[in-house]
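Q: Pasting a structure below so you can have a look.
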Amino acid sequence: MTALVLAMVGAYGVHLLYTSIALGWRGVGPGPARRARRTLPAVPRDVLAVTVVLAVLGAAVGWTVFGGVVPPMAVGAALGAVPGLSARARRERRRATAREAWPRLIEEIRIKTTSLGRSIPQALLDVGGHAPAELQPAFERARREWLLSTDFERTLDVLRTQLADATADAVCETLLVAHQIGGNDVDRCLGALIDDRIMDLQGRKDAASRQAGARFARSFTLVVPLAMALIGMSIGQGRSAYASATGQVLVVVAIALMGACWLWAGRIMRLPDDQRVFVGEAA
């Protein structure tokens with residue numbers, strides 16, 4: 001048995017010596033160390049710093065109000081989630097801004113192709129030069145693709161893949177068909193697309209205005225429980241009641257319910273996105 005173990009150790013040593021010389025492997029493992037594939041984008045340092053600060057601040061406030069260990073951790077986690085939720089809200093606002101800009105961009109494409117006699121690729125790229133900042137990177141990549149390949153279909157495929165938007169898909173498909181078969185229908189098709197996008201924007205604005213009261217009431221899911229907690233702390237031995245075992249459990253359950261109600265209310269009030277139909281090959 002000892003001889004077998006010594007033989008295996010010797011063979012493994014020869015393996016390590018050979019792989020280090022011939023293949024440049026390092027370490028005592030049987031093969032090179034594999035780097036973990038990154039599946040999530042890196043969190044910006046400023047967002048991470050704000051998250052940590054808010055989490056610590058929330059934990060301090062939670063300990064001041066409720067005492068104990070678990071409720072401060074729950075309050076810190078809830079407050080630390082604010083930067084992530086804010087980033088998501090900013091992305092939604094940027095998408096809304098881009099959505100509102102499409103009727104104007106389509107109208108400019110229609111004018112350039114019909115009144116000014118520009119080719120469809122030139123009109124599209126010219127319009128992209130003064131599109132909203134949210135759309136600029138996608139148009140810039142499409143411009144590079146057009147300069148390299150002069151293949152309009154590949155250029156549109158890059159554009160729609162980068163934008164990942166239902167309106168962009170419809171515009172790209174309309175322009176592609178008009179570019180391939182020609183004719184005078186591009187004016188009529190783009191005009192109909194403009195009318196459709198304007199109606200969609202108007203419907204979204206009407207829905208958002210009707211939800212204004214509900215969105216204001218949503219804030220009460222946070223304000224009212226927190227106000228009641230502060231009032232309860234100021235009455236008698238309120239903080240000591242929170243510090244009891246039962247009080248600690250109820251506080252954590254209440255925080256969880258507040259967060260669930262907040263997220264659920266935001267989910268049911270979220271307006272549906274247009275479904276993508278004309279998805280490019282690269283997507």
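Q: Within the range 242-262, is even one residue closer than 30 Å to A166 by Cβ, under 23 Å from the mean Cα position of the chain (by Cα) and not in a helix (DSSP H, G or I)?
A: Taking every residue of the range 242-262 in turn, none turns out to be closer than 30 Å to A166 by Cβ, under 23 Å from the mean Cα position of the chain (by Cα) and not in a helix (DSSP H, G or I).
Q: Name the single residue, out of those in the range 156-168 being modelled with pLDDT of 85 or more and among the charged types (D, E, K, R), that is surrounded by the fewest Cβ atoms within 10 Å (Cβ to Cβ).
A: The qualifying residue surrounded by the fewest Cβ atoms within 10 Å (Cβ to Cβ) is D157.
Q: Could you please find all residues in the range 166-198 being among the charged types (D, E, K, R) and under 15 Å from V127 (Cβ atoms)?
A: Within the range 166-198, just R197 meets the criteria.
Q: Among the candidates D274, D206, which residue alone is among the acidic types (D, E) and surrounded by 12 or more Cβ atoms within 10 Å (Cβ to Cβ)?
A: Numbers: D206 fails: surrounded by 12 or more Cβ atoms within 10 Å (Cβ to Cβ).
When all the criteria are applied, what remains is D274.
Q: Can I ask one more? Among the residues of the range 210-263 satisfying the criterion of being among the basic types (K, R) and in contact with a helix residue (DSSP H, G or I) (Cβ under 6 Å, 6 or more places away or on another chain), which is farthest from V70 (Cα to Cα)?
A: Residue satisfying both the conditions and the ranking: R218.
Q: Oh, and also: Check D206, D165, D273, D195 and return the single one that is more than 25 Å from S86 (Cα to Cα) and charged (D, E, K, R).
A: D195
Q: Filter the helices (runs of 4 or more DSSP H) completely within the range 41-147 down to those with at least 2 residues that are under 29 Å from the mean Cα position of the chain (by Cα) and modelled with pLDDT under 85.
A: On the way: elements: 45-66, 70-80, 82-114, 120-128.
Output list reads 45-66, 70-80, 82-114.
The values are calculated or read from the model by the stated rules, or taken from the named source; none is laboratory data. Since the model is a prediction, treat every value here as computed from it, not as a measurement. Cβ sites come from the backbone with ideal geometry, for glycine too, and all protein chains shown count toward neighbours.
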